[in-house]
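Everything below concerns the one structure shown next.
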Amino acid sequence: MALVEIKNVRKSFGALEVLKDVSLTVEEGEIVTIIGRSGSGKSTLLRCINGLEDIQDGEIFVEGQQVHAKMKKLRELRQKVGIVFQAFNLFPHLTVERNITLAPIRTGRVSKAGARALAEKVLAQVGLSEKIDAYPEQLSGGQQQRVAIARCLAMSPDLMLFDEVTSALDPELVGEVLKVMEDMASRGMTMILVTHEMAFARDVATKIVFMHQGRVWEEGPPSELFSNPKTPELKSFIGSNH
Amino acid sequence: MQNLNFQQVLRYQDEFLHGIVNTLEMTAIAALFGLLIGVVGAVLVGNGPRPVRVLIKAYIELIRNTPPLIQLFVIFFIFPSAGIRLAPFPSACVALSVYFGAYAIEIIRSGLASIPKSQVEAGECLGLTRFEVFRYVVLAPALRNIYPSITSQLILLLLGTSVASQIAAEELFHTATFVESRTFRSFEVYALISAIYVALVVASHIIFAVVGAFAFRWPVRR
């Protein structure tokens, strides 16, 4: 069974159809990178996978469970699917430790006593152990994004979604975040990313999905897609990114 | 100018003290229940079913567009004909709770609206329930955003308790009218309670500042 199965999904914002019959399968351990011009529907597709957007038609399954079903089921599902946003979305009033441990404590995966150890463990994975008692505003953008990743890791997810996570960062801070993501990839985490980092897509991804006008226009392994694009749209997209 | 004579007035210090305590008590009770109305009302006006939302909006408009004194009279003079009979002090507490609640709903609603939707999404994506997102993600930053407006509304409430003297609820202003009728020292009496009100307001500001500094310690971008 595939980890994520997207079947014939249609999604509209009012009269504007942004996803037109999109189907996509992601196997466990895959690192799928979704690329495409802005407005091609790639972020919307990602947000549909954990139910942040409803859909008008089609179905999405994660671990065999339908995403667009009951709220309670969706909540259980979300505990297994981490998402990292472009704007970090850390909780400003909570320390790094509390940001990380809030959900694990509330959902009963860790006791209050064991929470700090959990925070220490995931912060070590993103190289920010010394920031455990800091508030988000005291961190750089790159550090905030790494905390956001650690916050997801604390839920030990089976799948991680990344929505343009380096787009809001200063250029010199992009590398530290990508490095953490590479680490996760090498440890076998299943990941779906929307990104403009073409080098990262080429080097780390196992599959590239090129979206255009709300459809999956081309998909395949990076070596194939980048060196031998079949459609003129992908050709021109790759050309404009070099 | 007539000679000032505070001595006569100050002989009633026990009555004034009683008035101060009652004013503070009335303010505290109305603040507590008003804030409760405010939080529940603000959540319902944002997420409740349509009839409830309409009802709450009607309540807010009704209260904010009529004098508090009239609201007090309705509860004290008209409610008894519907079988609800309350003594002056409880009547005043109810009236002021209802009055403060209407403003509190609007203020708290604006506070909840000031929290970006992305914060709610981040909480929901971590598998938190809607209530948990409200309680642990939205509430504290929202309270911080509305703290200046809710505290100044609390000051207005403290000063507004003086209307309760109109139904002979025993608060500070009522004490003043009582002492005035005994001593005929109008100027001294009202000068004295004015000074007391000023002192209470200044003390409140200091308490709010200390509580705010303690409760809202996280750094924010300006």
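None of the figures in this text is laboratory data; all of them are computed from the coordinates on show. The shown structure was predicted, so the numbers you read here are calculated from the model rather than taken from an experiment. Neighbour counts run over all protein chains shown; Cβ positions are idealised from the backbone, glycine included.
Overview of values
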| item | result |
| --- | --- |
| Looking only at segment B:119-155, and only at residues there that are surrounded by fewer than 19 Cβ atoms within 10 Å (Cβ to Cβ) and among the aromatic types (Phe, Trp, Tyr), the one that is nearest to B:Phe33 (Cα to Cα) | B:Tyr147 |
| Residue in segment B:115-131 that is over 16 Å from the mean Cα position of the chain (by Cα) and farther than 30 Å from A:Pro157 by Cβ present | no |
| Any hit, segment A:168-182, residues being within 14 Å of chain B (Cβ to nearest Cβ), farther than 30 Å from A:Lys20 by Cα and surrounded by 15 or more Cβ atoms within 10 Å (Cβ to Cβ) | no |
| Unique residue being out of contact with any Gly (no Cβ under 9 Å at 6 or more places or on another chain), surrounded by 23 or more Cβ atoms within 10 Å (Cβ to Cβ) and within 8 Å of another protein chain (Cβ to nearest Cβ) when the list is A:Ile83, A:Ile100 | A:Ile83 |
| Failed criterion for B:Pro116 (all others in (1) buried (at least 18 other Cβ atoms within 10 Å of the Cβ); (2) within 14 Å of another protein chain (Cβ to nearest Cβ) hold) | (1) |
| Residue within segment B:176-198 that is out of contact with any helix residue (DSSP H, G or I) (no Cβ under 6 Å at 6 or more places or on another chain), within 14 Å of chain A (Cβ to nearest Cβ) and surrounded by fewer than 16 Cβ atoms within 10 Å (Cβ to Cβ) present | no |
| Index of the failed condition, A:Val194 passing every other in (1) under 23 Å from A:Val110 (Cβ atoms); (2) away from chain B (no Cβ under 14 Å); (3) of a type in the set (A, V, I, L, M) | (1) |
